[in-house]
Amino acid sequence: MSNFFQLVRNEQTKLYSQLSTWILLGILVVIVLGFAIIMRTAEGIMPYEDETWKQTLQEENQMYAEIDPTDPNIAINNYRIENDLKPEGMSAWGFLYESHYLTSVLSLITIIVAGGILANEFRWGTIKLLLTRPATRTKIFFAKYASVLLFALTALIVLFISAWLFGMIFFGLGGDGSVLQLKDGEIVDVSVWTRIAQDYGLQLVKLAVWSTFAFMISAAFRNSALAIGTAIFLMFAGISVVSFIADKPFAKYILFANLDLTQFTTGYKMIDDLTLTFAIVTIIVYYLIFLVVGWVLFAKRDVAGH
Amino acid sequence: MAEPAMQLIGLKKQIGSKLIVKGLDFDIQPGEVFGFLGPNGAGKTTTIRMMVGLIRISEGDVRIQGKSIKTDYKEAIRHVGAIVENPELYGFMSGYKNLLVFSRMIPGISRERIDEVVKLVGLEKRIHQKVKRYSLGMRQRLGIAQALLHNPSILILDEPTNGLDPSGIREIRQYIRRLAEQENVAVIVSSHLLSEMELMCDRIGILKNGELISIQQIQNTEEDAPTEVVQIDCPPSYHEKAQRLLQERFGVTAMASGEKLTFPITRGEIPSIIKELAVADIEMHGFAVERKTLEDKFLHVIGENVIE
């Protein structure tokens, strides 16, 4: 086991010795900054003033009602007006929550790392040194995979810290970020941590699946461009594929139809007879297939010359 | 005889329907420098890759210190240090960090051992520089350093002198000899440079189209007095006189071609030949001793270099 730990440690050393890893993390921070600036600008359009906030909320309600009279925001706004609860506006915690939209950037950089971590060893020729040591190929495969997950976790922490810091700079620390939500016809106060856990968590499922896919292609074809390219392409194009074939009986067995778990919290399902359990099982099956295929191909194939 | 460091037993490699390596059987002893010689495409690299487990063995086995690389990979490979083809290391890390990373893959390598190996290959001054700034010679040294980290009893070097300048080649050669003689390491070297191999190896296996066609013992001693070929550069007008003298005094027949006279002779007779020729006033512009080189033997056994 300590042997495995050393292998993971080696992978981390190699990863962070490369300039490109730091550039990827740098890009993430810059995107969070850009997002904060955009949100700050947008918020300035309709501020909630102490004297006029009730009026502002009523104007909002009129806008909502024109589009969809059953919009839950109308009930929430009315509840605020009745109970004299002024909306907080954006705060550091709120921005941290909003940043869950940026997890697609997180997926992107994790895919880049996952697609390169094995293929690059082949490109550099260092795979020959790696595989002529008393560590089995299986151990090296999983040490590299663990290293990818560790990188994803690190990047998530970077996202959290930068989002909170920029949130504090641009929006201040006011409020605890909790919001009111309509649940079963009742208004409830939901803390920011509940929302973060839920919405980040659902996004991280996608991240795990696509980076595992990239890792599999990287192990099987030993080509990082192919691995990164196909993973990113499928991540973005997969959803539209489902909409074309949604009426086919096999559609619900397709990974893309199940992968977006937010469809079960919002209720807008891609295919009507999907259930949460079915989706989770399907995702796990695909995930294991990716991992096993990558592992078998990596462990069995010859390492021949260039 | 001691237990062989490495045994190849009916080793075969088949890719598709083509047999790349057609059954190799030989042993390599501790303290021996074994050369693997053959034209490009003969199967040298394929064999070496099978020895270290990079490619699968179709048939037969490789035993390292008695342990099969197929069934007992971990125990077998821990005795092996190898550079397969070029010494490719992580260019974005320093030489030291490279060694540190590889040392973590094998238990029991101390920092002191890393320093020791660095000193051994003479890289102390540049070890903290990034490897991408290294010259090929420095990379080759670092490659050897990583192969030696865990005190292997078998060192496998694929084309170790590739791309090195003459002084670098000599250094590597001396280094390999020292390892074999002092540390009793079995060294396996592959090359297509014949003259190189002759200076470095104790035995040379010649590989052609995946078959071992000959194993040559290299004699590095002078008592064996191998037949030398001497070539004299002198004007054709002296040829007849020289030929007659050589025939009468030494009993050899010299062949004339252009300005040159060529004849075989044992090493011990060379000084007296020079003296006699000089005394006989034969105008010599050059006197060259060409050993009957491995190259001749090599070309003789290999024949035309045809890749099947």
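Scanning the stretch A:235-264 for residues that are touching a helix residue (DSSP H, G or I) at 6+ places or on another chain (Cβ under 7 Å) and either modelled with pLDDT of 90 or more or polar (S, T, N, Q) (or both) yields a total of 2. Which of the residues belonging to the stretch A:14-33 are part of a helix (DSSP H, G or I), crowded, with 16+ Cβ neighbours inside 10 Å and polar (S, T, N, Q)? A:T21, the sole residue that qualifies.
Look at the stretch B:151-168: where a residue is on the phi > 0 side of the Ramachandran plot and a partner is in a loop (DSSP other than H, G, I, E, B), sitting 6+ places away or on another chain with Cβ atoms under 7 Å, you get B:E159/B:E85. Among the residues of the stretch A:123-136, those that are more than 7 Å from chain B (Cβ to nearest Cβ) and crowded, with 19+ Cβ neighbours inside 10 Å comprise A:I127, A:L130. Take B:I215 and tell me if it is out of contact with any His (no Cβ under 9 Å at 6 or more places or on another chain), touching a residue at least 60 places away in the same chain (Cβ under 8 Å) and crowded, with 20+ Cβ neighbours inside 10 Å. For B:I215, the condition - out of contact with any His (no Cβ under 9 Å at 6 or more places or on another chain), touching a residue at least 60 places away in the same chain (Cβ under 8 Å) and crowded, with 20+ Cβ neighbours inside 10 Å - is not met. Within the stretch B:33-76, being touching a Phe, Trp or Tyr at 6+ places or on another chain (Cβ under 6 Å) and either within 19 Å of A:T126 (Cα to Cα) or among the polar types (S, T, N, Q) (or both) holds for one residue alone: B:G53. Does the stretch B:171-188 include one or more residues that are within 14 Å of chain A (Cβ to nearest Cβ), in contact with a strand residue (DSSP E or B) (Cβ under 7 Å, 6 or more places away or on another chain) and buried (at least 19 other Cβ atoms within 10 Å of the Cβ)? Yes, some residue in the stretch B:171-188 is within 14 Å of chain A (Cβ to nearest Cβ), in contact with a strand residue (DSSP E or B) (Cβ under 7 Å, 6 or more places away or on another chain) and buried (at least 19 other Cβ atoms within 10 Å of the Cβ). For the stretch B:259-296, residues that are modelled with pLDDT of 85 or more, out of contact with any helix residue (DSSP H, G or I) (no Cβ under 9 Å at 6 or more places or on another chain) and charged (D, E, K, R) total 1. Return yes or no: is A:K269 modelled with pLDDT under 80, among the basic types (K, R) and on the phi < 0 side of the Ramachandran plot? So A:K269 passes the test.
How many of the residues in the stretch B:93-119 are touching a residue at least 24 places away in the same chain (Cβ under 8 Å), surrounded by 17 or more Cβ atoms within 10 Å (Cβ to Cβ) and more than 14 Å from A:T132 (Cα to Cα)? Residues meeting the conditions: 10. Checked across the stretch B:70-81, the condition of being in contact with a Gly (Cβ under 8 Å, 6 or more places away or on another chain) and closer than 24 Å to A:R9 by Cβ holds for at least one residue. At least 1 residues being under 30 Å from B:M105 (Cα atoms) is the threshold, and among the helices (runs of 4 or more DSSP H) wholly inside the stretch A:55-134 those reaching it are A:103-117, A:119-124, A:127-130.
Residue check: B:N86 meets all listed conditions (1) more than 30 Å from B:G16 (Cα to Cα); (2) at the interface with chain A (Cβ under 10 Å from one of its Cβ atoms); (3) surrounded by 15 or more Cβ atoms within 10 Å (Cβ to Cβ) but one, namely (1). Considering the stretch B:209-258, and only residues there that are out of contact with any strand residue (DSSP E or B) (no Cβ under 9 Å at 6 or more places or on another chain) and within 23 Å of B:H192 (Cα to Cα), the residue that is modelled with the lowest pLDDT turns out to be B:N220. Of the residues contained in the stretch A:171-183, none is found to be assigned to a helix (DSSP H, G or I) and either touching a strand residue (DSSP E or B) at 6+ places or on another chain (Cβ under 6 Å) or surrounded by fewer than 15 Cβ atoms within 10 Å (Cβ to Cβ) (or both).
Rundown of residues vs (1) of a type in the set (D, E); (2) touching a residue at least 24 places away in the same chain (Cβ under 8 Å); (3) away from chain B (no Cβ under 14 Å), yes/no style:
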{"site": "A:N3", "(1), (2), (3)": "no, yes, no"}
{"site": "A:E11", "(1), (2), (3)": "yes, yes, no"}
{"site": "A:L19", "(1), (2), (3)": "no, no, no"}
{"site": "A:L25", "(1), (2), (3)": "no, yes, yes"}
{"site": "A:V29", "(1), (2), (3)": "no, yes, yes"}
{"site": "A:F35", "(1), (2), (3)": "no, yes, yes"}
{"site": "A:E82", "(1), (2), (3)": "yes, no, yes"}
{"site": "A:S91", "(1), (2), (3)": "no, yes, yes"}
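The values are calculated or read from the model by the stated rules, or taken from the named source; none is laboratory data. Quick caveat, the model's predicted, so the values are computed rather than measured. In this analysis, Cβ positions are derived from the backbone assuming ideal geometry, glycine residues included, and neighbour counts consider all displayed protein chains.
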